[in-house]
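What follows is a single structure, written as structure tokens, with notes after it.
The values are calculated or read from the model by the stated rules, or taken from the named source; none is laboratory data. Keep in mind it's a predicted model, so treat the numbers as computed, not measured. Cβ coordinates were reconstructed from backbone atoms using ideal geometry, including for glycine residues, and neighbour counts include every protein chain displayed. With ligands, DNA and RNA removed, areas are computed over all heavy atoms of the protein, side chains included. Shrake-Rupley method; radii C 1.70, N 1.55, O 1.52, S 1.80 Å.
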Amino acid sequence: MTVSSNQARIIRVHPQDNVAIVVQQGGLEEGTHIEGDITLVAAIPQGHKVALEALNTGDRIIRYGEIIGTATAAIPRGGHVNENNVQLPIPPALSELPLATRKAPEMEPLEGYTFEGFRNPDGIVGTKNVLGITTSVQCVAGTVDYVVQRIRRELLPRFPNVDDVVGLNHAYGCGVAINAPAAVIPIRTLKNIALNPNFGGEVMVIGLGCEKLQPSTLVDDRPVKIYANTADADPEANVLSLQDDSFEGFGDMVDGIMAMAERHLERLNRRQRETCPVSDLVVGMQCGGSDAFSGVTANPAVGFATDLIVRAGGSVMFSEVTEVRDAIHLLTPRATTPEVGQALLDQMAWYDDYLAQGQADRSANPSPGNKKGGLSNVVEKALGSVIKSGNSPIADVIGPGERLRRKGLTFAATPASDFVCGTLQFAAGMNLQVFTTGRGTPYNLPMASVIKVSSNSTLGRRWHDLIDLDAGRIATGEASIEQVGWELFELILDVASGRKQVAADRLGLYNDLVLFNPAPIT
């Protein structure tokens, strides 16, 4: 990466690039001199691309050393390159890609780093201690929200070791084609959410009783114990249906949920933090509200931290199929085996078909905000997105809603939607998430802390009380990728240990979970 040292600062990522991005807050005016004898022939906003050479119609536009598109019209040297004059290239043909051909880089093991986590009976470790109340159908969401507020007021103060109680509401469970092949995705997602280590095995399930997705389905990997509103109610009960004949009115239902919650809180309150190796961390890496800086500051720093976690024996997930598809040729060689490489291709092909069925294609990404931040198309976005995966070998690929199977680096196939991706990574078992952004977002999850990293210092300063780490210092030359990567790694350990709160946790900002349901709704 080359960063110009003069006042009109630009960033050229690769020596072959024929475009660079503008660093200055507020952009650069027409007539500004850059890179020696290049003069801007138009005003160019911060993060947007300037042509370093004259481009004719059909000429390749190169960033990151890769073709991000072709010019749809002549672009003069010093001209503004953006979504209006860049044509989307043809994506890599999946059948022609090399699988598992790159020799894994030699990475020295990273030893001696620990965090303070909550170890569960099955050995997995949480970074929070949360009572989760999930639902089998959207009909009971209002009741769960009502009860969660009462539990927080009336019960939670008695259990100081419990961080929170969270209602895991969703729009699923009835009015759906429950036996359709694609219904496996939302169902296994809900089942695996309940197994997340931050819940300590104490998730409650509230159902209505007549829904297609029966409450017992969500706990079929554990003993199903139905709550009955009697004096000798089972203290291990984890399922309650509002239509149960033993309840007389709404107040009786609420009392039953409160009684069941109290017993779960008593068990959760016995959990204590203990020193755990980094090999017990499961970190999800995601980006949203990206800009042209994301791929040169925040995401490379995240990639550096990814490699540190993997070197320490931990687990990292990266995701977002549509933001991987156009850079898949950079990933398949990194697969540990041809089978893992083929699994990557299978997920890309499945999503290609899914988009086609919806009469959409990859051009639907990026968003208007991404374009305002300087990203011209999904190819440029993908090339900057996959850098979050660092240089580690890709050890495994899991489908949407599946649980993590191996330590190391895993591609967890998800849509690019922030909330859907976060939900699926949580279902996969992440106990903490890192989220990079160039445009800004208050996104956070109540059951797993989200560390937000800004890609540019303009955002870092403007959102000083929402951003946890400013990677924009890389663009201005104040810090290196390695320095910010180490800062992030240490911040991850502090947040995982409960020593530091992320900004959104301090403010109490949380988003709902959003299921990915590609199956029909009846």
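Regarding the range 240-257, can at least one residue be identified that is assigned to a strand (DSSP E or B) and at pLDDT 95 or above?
Scanning the range 240-257 turns up no residue that is assigned to a strand (DSSP E or B) and at pLDDT 95 or above.
Determine whether the range 224-237 contains at least one residue that is over 30 Å from Leu491 (Cα atoms), modelled with pLDDT under 95, more than 25 Å from the chain's Cα centre (by Cα) and in a helix (DSSP H, G or I). Steps first, please.
Here is the first cut: in the range 224-237, the residues over 30 Å from Leu491 (Cα atoms) are 224-237.
In the following step, the residues that additionally are modelled with pLDDT under 95 were identified as 224-237.
With more than 25 Å from the chain's Cα centre (by Cα) added as a condition, the list becomes 224-237.
Next, only the ones that are in a helix (DSSP H, G or I) stay: none.
No, the conditions are met nowhere in the range 224-237.
Let's see how each residue does on (1) modelled with pLDDT of 95 or more; (2) surrounded by fewer than 24 Cβ atoms within 10 Å (Cβ to Cβ); (3) in contact with a strand residue (DSSP E or B) (Cβ under 8 Å, 6 or more places away or on another chain):
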{"residue": "Gln357", "(1), (2), (3)": "no, yes, no"}
{"residue": "Arg362", "(1), (2), (3)": "no, yes, no"}
{"residue": "Ser367", "(1), (2), (3)": "no, yes, no"}
{"residue": "Ala395", "(1), (2), (3)": "yes, yes, yes"}
{"residue": "Leu409", "(1), (2), (3)": "yes, no, yes"}
{"residue": "Ala416", "(1), (2), (3)": "no, no, no"}
{"residue": "Ser449", "(1), (2), (3)": "yes, no, yes"}
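If I filter the range 52-62 for residues that are open to solvent by less than 10 Å² (accessible area, probe 1.4 Å), in contact with a Gly (Cβ under 7 Å, 6 or more places away or on another chain) and part of a loop (DSSP other than H, G, I, E, B), do I get at least one hit?
No, the range 52-62 has no match at all.
Can you find, within the range 306-353, the residue that is farthest from Gly429 (Cα to Cα) among those that are outside any helix (DSSP H, G or I) and open to solvent by 40 Å² or more (accessible area, probe 1.4 Å)?
Residues of the range 306-353 outside any helix (DSSP H, G or I): 312-320, 324, 335-337.
When the remaining residues are screened for being open to solvent by 40 Å² or more (accessible area, probe 1.4 Å), the result is 336-337.
Details: Thr336: 22, Thr337: 23 Å.
It comes out as Thr337.
Among the residues of the range 27-44, is there at least one that is within 28 Å of the chain's Cα centre (by Cα), part of a loop (DSSP other than H, G, I, E, B) and either touching a residue at least 60 places away in the same chain (Cβ under 8 Å) or more than 24 Å from Pro368 (Cβ to Cβ) (or both)?
no
Can you work out which of the residues in the range 63-93 that are among the aliphatic types (A, V, I, L, M) and outside any loop (DSSP other than H, G, I, E, B) is farthest from Arg325 (Cα to Cα)?
The extreme case among them is Ile75.
Which condition does Ala8 not pass, out of (1) outside any strand (DSSP E or B); (2) closer than 26 Å to Val378 by Cβ; (3) hydrophobic (A, V, I, L, M, F, W, C), if it passes all the others?
Of the numbered conditions (1) outside any strand (DSSP E or B); (2) closer than 26 Å to Val378 by Cβ; (3) hydrophobic (A, V, I, L, M, F, W, C), the odd one out for Ala8 is (2).
If I go through the range 145-177 residue by residue, how many of them are outside any helix (DSSP H, G or I) and either open to solvent by 40 Å² or more (accessible area, probe 1.4 Å) or not hydrophobic (A, V, I, L, M, F, W, C) (or both)?
Here the count works out to 12.
Scan the range 128-144 residue by residue and report those that are within 17 Å of Asp505 (Cβ to Cβ) and open to solvent by 10 Å² or more (accessible area, probe 1.4 Å).
Lys128
Which members of the range 453-466 meet the condition of being touching a helix residue (DSSP H, G or I) at 6+ places or on another chain (Cβ under 7 Å) and closer than 19 Å to Gln501 by Cα?
Val453, Ser454, Gly460, Asp465, Leu466
Among the residues of the range 457-470, which ones are outside any helix (DSSP H, G or I) and farther than 10 Å from Thr437 by Cβ?
His464, Asp465, Asp468, Leu469, Asp470
Can you pull out every residue in the range 94-103 that is without any contact (Cβ under 8 Å) to a residue 60 or more places away in the chain and part of a loop (DSSP other than H, G, I, E, B)?
Answer for the range 94-103, where residues must be without any contact (Cβ under 8 Å) to a residue 60 or more places away in the chain and part of a loop (DSSP other than H, G, I, E, B): just Lys103.
Among the residues of the range 473-522, which ones are over 30 Å from Ile11 (Cβ atoms) and loosely packed, with under 14 Cβ neighbours inside 10 Å?
Arg499, Gln501, Arg506, Leu507, Gly508, Pro520, Ile521, Thr522
Could we say that Ile90 is open to solvent by less than 50 Å² (accessible area, probe 1.4 Å) and over 26 Å from the mean Cα position of the chain (by Cα) here? So that I can check it myself, show each step before the final result.
Details: open to solvent by less than 50 Å² (accessible area, probe 1.4 Å): no; over 26 Å from the mean Cα position of the chain (by Cα): yes.
In short, no.
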